[in-house]
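What follows is a set of notes on a single structure, which appears directly below.
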Amino acid sequence: MPLTNPVIIKLNEITTFVEDKSKLTEEEVVEIKKIFKELVKNGERYDVDEIEFWFENEGSWNEKEPRVRITNLSSYVQDKHQQTAHLRMITDDDCSCGN
C-alpha cells in the first residue's frame, strides 16, 4: 500500500524536527510516537515497509539505527491501535448486560 499524502507530510515533519539524524533523543521518540498515534487515530493506515523505504530514500537519514527505530515505533503504534480497536469491538459486541 503506497503512503498517503497525510502520512508523507508527517514523515517530513519528523525529518524536520529531528536535529541529529544519527541518533534520536528520548524527547524525539515521544514526539514521533505522538505523530504516529495521531495518524492512526485519524484513520490513516500505512505499510511499515513503506515507512522504512521512505526514510532510506529521503536523503538525510544516513544512519540505519534511527531509521529502524522510527520504523519500529510506527509498527508498534499501529499494532497497538489495531489491538485496542479490536478489543473495543469485542467489548461492545459481547456485552452480557442483556441489551
ask   = Just to be sure, is V68 of a type in the set (A, V, I, L, M), more than 9 Å from the chain's Cα centre (by Cα) and assigned to a helix (DSSP H, G or I)?
value = yes
task = Kindly provide the set of residues from region 1-34 that are of a type in the set (D, E) and loosely packed, with under 12 Cβ neighbours inside 10 Å, ordered by number.
result = E19, D20, E26, E27
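Just so you know, all these numbers are worked out from the coordinates, no wet-lab data involved. A quick note: this is a predicted structure, and the numbers were derived from the prediction, not measured. Positions of Cβ are backbone-derived with ideal geometry, glycine not excepted, and every protein chain shown enters the neighbour counts.
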